[in-house]
Amino acid sequence: MSNHAAELSKQIIADLAPLKGVRVIAAMSGGVDSSVMAVLLKEAGLDVVGVFLNVWDYAREDVVGHGSCCSLEDSYDARRVADHIGIPFYAMDMREEFRRDVIDPFVNDYETGRTPNPCERCNRFVKFGALLDAADQLEAQYVATGHYVQRRDDADGIHMYKGSDNKKDQSYFLATTSRKQAERILFPVGNLEKDDTRALARFYKLSTAEKHESQDICFIPAGDRIEFLKREGATAGFRAGDIVDLDGNYLGKHQGIAHYTLGQRKGLGLPNGPWHVVALDGVTARVMVAHPEDALISEVDVVELGWIRLPNADEQVTAKVRYQMKPAACNIKIADDGLHLLFDERQKPTAPGQVAAFYAGDELLGGGIVSAAQ
């Protein structure tokens, strides 16, 4: 395995060689992916500055060893790796920005019937917003992350592609990245399989080589979204209301729309199922459900668009409007205030607040935020 890791390292370092001496901010989360990213940049001769983003006060959380990203424990892990590979390290206090751009919209969305994607907002506003500002202050040309996304440049400029590891591909969460941002972001591990990343971590004797990965939302490490929302002062999302079908027929009561997400089918407790949640009304506190065949969607409206590359007129575009969805063929119509997409075949429902990502083959073109679906 060490020989395999050595060859992988040699190949990636050769790819990074043209950037030798260039200053880059390594966004270090304390996990194995960003640790390997940082050591590869250092080995390739770049001027690397490790930065950890302190985004949340984990002293509030009654959780021990939660393993979520960006905790105090993760900060220690990131610093240990930085010391081990010999790069300067800084922890940036981003709690105010994180609350404004991630936490407050997250709570508001669940109050109004939307289903937010906090990782997308963190990437767009914090990691690639504030970090690029920090890069300017530190006179760094690039910001590098451990995302499983590939960057390839040619005569037409930058192109971004899905990560090589289909199970770890994170292009969906970067779909709203602007071209201006993308031009200054590096993804050194994007062409690796996860097992290869861990092999490289062992090869370089990094303390994070065997570190567990959490699937929880970073600011809800215990996984209790309802308790978090209540603690953050959410009230409108917990007004009792009616559950109705598409014709408005009463099916039951609920204890707040914040308990539901569009597309949800488990835990509804309704007769004559199965049912899927298809609409949440923050004004009337109604939850609307439909049978699976009636819950499928074909049209989606998208706002807050960001493009890395606009599709060509004759290019077949695919889209995914849920993380676990396989990109599906569609037609898109871009307008001044957003985009309307029409899928060739009906798809499982998505929710306002989720990401719509657009692809040409494996190339990520861009994306936006779902505002409506039917």
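Quick notes on this one:
- Under a 5 Å amide H cut-off, with hydrogens placed 1.01 Å from N, Gly252 pairs with Ile243 among residues at least 5 apart or on other chains.
- Computed from the C-alpha gyration tensor, the three semi-axes of the ellipsoid equivalent to the chain are 38, 25, 18 Å, from longest to shortest.
- Residues whose amide H comes within less than 5 Å of that of Val289, counting only those at least five positions distant or on another chain, are Val244, Asp245, Leu246, Val278 (H built at 1.01 Å from N in the peptide plane).
- Stretched out straight at 0.36 nm per residue, the stretch from Glu315 to His291 would grow longer than its current Cα-Cα span by 5.2 nm.
- Whichever lysines have a C-alpha closer than 19 Å to that of Lys205, once near sequence neighbours (fewer than 8 apart) are set aside: Lys10, Lys42, Lys194
- In the chain, the sites counted are GluC sites (Glu not before Pro) in DSSP loop states with at most 16 other Cβ atoms within 10 Å, and the longest stretch holding none of them, exclusive of the sites, is 233-314.
- Residues Lys10 and His84, FRET efficiency given R0 of 30 Å [Cβ-Cβ distance, rounded to 0.05]: 0.90
- Phi to ³J(HN,Hα) by Karplus 6.51 cos²θ - 1.76 cosθ + 1.60 over the range 27-43, Hz, x for Gly, Pro: 6, 9, 8, x, x, 5, 4, 6, 5, 5, 3, 5, 5, 5, 5, 5, 5
- Under the Karplus curve 6.51 cos²θ - 1.76 cosθ + 1.60, θ = phi - 60°, whole-Hz ³J(HN,Hα) for the range 134-149, x wherever Gly or Pro sits: 5, 4, 4, 5, 8, 6, 9, 7, 10, 10, 10, 10, x, 5, 8, 9
- GNM result for the chain, Cα springs below 10 Å: residue of Leu310, Leu41, Leu229 fluctuating most strongly: Leu310
- Restricting the range 176-277 to trypsin sites (Lys or Arg not before Pro) that sit in a DSSP loop and have at most 15 other Cβ atoms within 10 Å of their own Cβ leaves Lys205, Arg239, Arg265, Lys266.
- Extension gain, Ala329-Arg231: 0.36 nm per intervening residue step, less the Cα-Cα distance, totals 31.1 nm.
- Inter-part distance where the range 316-335 and the range 85-133 are each reduced to a Cα centre, Å: 25 Å
- Using only side-chain charges placed at the Cβ, +1 for Lys and Arg and -1 for Asp and Glu, the dipole size of the range 296-373 relative to its Cα centre rounds to 340 debye.
- Whether the range 324-374 is rounded, prolate or oblate, judged on the alpha carbon gyration tensor where a/c under 1.5 counts as rounded: rounded
- Cα-only radius of gyration and Dmax that characterise the range 238-294, units Å: 9.9, 29
- Among Gly353, Gly269, Gly113, residue whose mean-square fluctuation peaks in a GNM of the chain (springs only between Cα atoms under 10 Å): Gly269
Any read-out appearing in this document is the output of simple, stated calculations on the displayed coordinates, not a laboratory observation. Bear in mind that the values here come from a model prediction, so they are computed numbers and not experimental data. As a convention, Cβ positions derive from the backbone with ideal geometry for all residues, glycine included, and neighbour counts pool all protein chains shown.
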